[in-house]
Structures are given as C-alpha cells and as structure tokens.
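Structure first, then comments.
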Amino acid sequence: MAMSPAEEHPQKAFGWAARDTTGVLSPFNFSRRSTGPKDVSIKILYCGVCHSDLHFLKNEWGFSVYPLVPGHEIVGVVTQVGSSVRKFQVGDTVAVGCMVGGCDECDECINKRESYCRNSILTYNHIYHDGTRTYGGYSDKLVVEEHYVLRFPDGLPMAAGAPLLCAGITVYSPMRYFGLSQPGTHLGVVGLGGLGHVAVKFAKAFGVKVTVISTSPGKQKEAMEELGADAFIVSRDEEQMKAAMATMDGIIDTVSAQHSLLPLLDLLKYHGKLIMVGAPPEPLDLPIFPLLTGRKLVAGSATGGIEETQEMLDFASKHNITADVEVIPMKYINVAMERLAKGDVKYRFVIDIANTLPA
C-alpha cells in the first residue's frame, strides 16, 4: 500500500496544495527526502507565481496529478549540504527553477541543455528518481541535487529576482539561441505580462530595438516610458500593423491564450523568426504560405539549461534586471490566482514564503 505524502520521506514539510481541478489551494502536510551526499537542502524564502502554475492547478494541459504543490521560481537559503557537495555551503542564497533532475547522460544533458532531456524532472507534478512525486515551492523547504541548484547573485533582490527562474530564462534563452540578442536587431515582444515585461528589459540590456505588440492600448505608456521599449503596436489596429509589416528580425510571443499567428508572421522580415514561449491550451492555426514565401521560421522554446540559467542570473545582476512584482502572503494565493487568470497583475506575484507560511 502506498504511503501518504506526509509519510514517504523523513523530513516533515508544509505547503499549500490543490486537490482537484478547481485549482483551489489549501494547507498541505507532506515530506521531503533526507539530504543525500549530492543534495542541497533549502529553506524557501520567496516563490514566484507563474502562469504555468495556473495551468497545472486546473489541469488545463491534461497531465496534472493531485495533490499538487506548484512553484518553480524559488529563492532560498541553504540549510544543509551533502558530503559530496562542493559548490554550496550552509547560509548561501540559492535558487531553483523549473527542473530538479534529469538523466545526466543524454546528448542534451551532456551539452548543458538539461531542460530538453527526455527524462527531465520538473520541480513539481513529476516523478523523481526514487519514484516519489515532486512538490514545488509553495512550501517551506526543498531538497535538490547540487547540479540543479543555482547561485543567486548577492546584488539581486530576492523577491523581484525570483520570477527570473522561469519568466527570465524563458525569454533570455531564445534570444540567445536564435541570435536575437545581437545589438541592432529589431525584436517584437507579443504580450506585456510576466514574461513580456522581462523580455523587454533583457532585450534593451542586449542593445536590441524593441517593439511591444499588445491588444491593450493602455499599456503603451508603461511599455515605452517605464520599460524602455522603442515602439508600441496595438495588434487590433490594422493601420499600425500594416505600417510595421516586414520590419522585425524576430518576435518573442509570450501569450498563453488563443490568438492568430498570421498577423505576427507579416511583421517579420524575410528569414525572420517567430519564437513561441507562451503555451495556449488549444492548438493555434499556422498558415504555411508566409513561411514558404518569406523563408520564415516558427519555433518553440522552453527554459534554458542550468549553465545558461546561471548566466542569465549573473547578466540580470550586472544590468539590474528584475521583475516588477507584487509580493503577497501565502493566504492570498487563491485571490492571486483569480487575478492572474484575468491578467490583473503588474506583472508577477511573488509569495513571501518565509514570513507568511506558518508551519
């Protein structure tokens, strides 16, 4: 007979979990494994609230397993290290992103692209090497293999830096991989939400010309005056879209709702690249002729590998890049999820775990 989540490991743990597709979160007692030779134990201080968390909570992608503790934008402090750990010591500020394990043997792992390992283990809603389920950062503690722990830069604010562990690397990685971080490149950013606003900040730090593409005219001032975008297009304005046709080298599409790709393809120059980082629950229509006649590329991109994520954090620290956040107590999380579903957040909720999650 399978043991309960509270009994399967030696360390008592506490968090908030959803029990079904309503996605409603409530207090949850479970357990974490002992600190093994290669493990780092972490007291969680802050955890960002990602739109992926909402998809998982409501099983919108079809593979959620309950009880489910979300959270993969984690910043904390090391409380214990295993005997073989060399990179970290007790008291270090560290971070954990979207994955906590992999096969460590395939081409993707060997080439430092761990997020594309076929056996990559997600920080939550996945099965770990020992056969037990992973639980995320809406909780008090975490035990993670050293390789998947990141050094959190001293100069980076913890709460505002937490969303970089998913939102940050999700936009940073495709900019680097697809050659869209070169100074002078013209990049379009679709959607000015949790991912989009960070994409603008990274692109400007790279020296890239940025045009924000949004359905909301009211976001123009914040896009240009607060975030530093060079231009703003209302995607529902046919004249604005027509004027911008064939002007962009690449586009990062952060939108996780249904939308048309054809108008975005028209904005690309010949040989341009449309990179999808949002994850709509339903398939999108993909017109082929614009791809053929313009030799255009539509691609997807997930998070980056461990080394690239560390590079991103260090770059963010050097250029003072953080997310714009609203720090919330744990008990506010269900209201926050309702607001997130409506797009009512500017731009990322972050849970103050250390001060508001009583054991």
### Task
For an R0 of 35 angstrom, estimate the FRET efficiency from the Cβ-Cβ distance between Ala354 and Asn119 and round to the nearest 0.05.
0.60
### Task
For the stretch 8-97, give the magnitude of the charge dipole about the Cα centre (Cβ charges: +1 Lys/Arg, -1 Asp/Glu; no others), in debye to the nearest 20.
340
#### Entry: Surrounding net charge for Val149, when Lys and Arg each add one and Asp and Glu each subtract one, Cβ distance under 11 Å
-1
## Note on the structure
For Gln240 and Arg339, extending 7 Å from Cα along the Cα-Cβ vector and measuring point to point gives, in nm, a value of 2.6
### Message
Using only the alpha carbons of the stretch 37-155, what is the convex hull's orientation-averaged projected area in square nanometres?
### Response
7.8
### Query
Could you give me the ³J(HN,Hα) list for the stretch 342-350, computed from phi with Karplus coefficients 6.51, -1.76, 1.60 and θ = phi - 60°, whole Hz, x at Gly and Pro?
8, x, 8, 7, 10, 10, 8, 6, 9
#### Entry: Accessible area (Å², 1.4 Å probe, nearest 10) - Glu238
150
### Message
Let me make sure I get this right: for the stretch 179-306, a, b and c are the square roots of the gyration tensor eigenvalues over alpha carbons, sorted descending. Under 1.5 in a/c it's rounded, otherwise prolate if a/b > b/c, else oblate. Which is it?
### Response
rounded
### Task
Sort largest first and round to whole Å: the equivalent ellipsoid semi-axes of the stretch 315-359, each the square root of five times a Cα gyration tensor eigenvalue.
22, 17, 5
### Charge dipole (debye, nearest 20) of the chain; +1 at Cβ of Lys and Arg, -1 at Cβ of Asp and Glu
180
## Note on the structure
quick shape note, the stretch 33-95: Cα extents on principal axes in Å, largest first -> 40, 20, 16
### Summary
Taking a ≥ b ≥ c as the square roots of the Cα gyration tensor eigenvalues, with a/c under 1.5 meaning rounded and otherwise prolate when a/b beats b/c or oblate if not, the stretch 1-59 comes out oblate
### Query
When ranked by the protection proxy of mean other Cβ atoms within 10 Å per residue, highest first, what sequence do the peptides 176-188, 67-79 form?
67-79, 176-188
### Alpha-carbon centroid distance for the pair the stretch 158-231 / the stretch 275-352, whole angstrom
10
### Query
By how many nm would the segment from Ser84 to Asp130 lengthen if fully extended, with 0.36 nm per residue of separation less the alpha-carbon distance?
14.7 nm
### Query
When the C-alpha atoms of the stretch 283-359 are aligned to their principal axes, what extent does each axis show, in angstrom, from largest down?
58, 33, 22
### Task
Report the Stokes-Einstein translational diffusion coefficient (µm² s⁻¹, integer) for the stretch 155-237, Rh taken as the Kirkwood radius over Cα pairs, at 20 °C with viscosity 1.002 mPa s.
166
### Under 12 Å, Cβ to Cβ, from Val189 - net charge with Lys/Arg +1 and Asp/Glu -1
+2
### Task
Give me the Debye-computed log₁₀ of I(q)/I(0) at q = 0.12, 0.14, 0.15 Å⁻¹ for the chain, equal point scatterers on Cα only, no solvent, two decimals.
-0.86, -1.15, -1.30
### Query
Cβ under 15 Å from Gln258's Cβ, Gln258 left aside: what net charge do those residues give with Lys, Arg +1 and Asp, Glu -1?
-3
### Query
Can you pick out the pairs among Lys112/Lys273; Lys201/Lys331; Lys58/Lys141; Lys242/Lys273; Lys269/Lys318 whose Cα atoms lie more than 26 Å from each other?
Lys201/Lys331; Lys269/Lys318
#### Entry: For q = 0.21 Å⁻¹, Debye-computed log10 I/I(0) when each Cα of the stretch 109-252 counts as one equal scatterer
-1.27
### Task
Would you tell me the accessible area of Lys296, worked out with a 1.4 angstrom probe on the heavy atoms of the protein chains, in Å² to the nearest 10?
30
### Query
So, by mean Cβ neighbours within 10 angstrom, what's the order for 228-234, 165-171 with the highest one leading?
165-171, 228-234
### Query
For the stretch 256-305, what is Rg from Cα atoms divided by 2.2 N^0.38 Å, rounded to two decimals?
1.17
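The values are calculated or read from the model by the stated rules, or taken from the named source; none is laboratory data. Bear in mind the structure is a predicted one, so any value in this text is a computation, not a measurement. We place every Cβ from the backbone using ideal geometry, glycine too, and count neighbours over all the protein chains shown. Remember, those area values only see protein heavy atoms, side chains included, never the ligands or the DNA or RNA. Shrake-Rupley method; radii C 1.70, N 1.55, O 1.52, S 1.80 Å.
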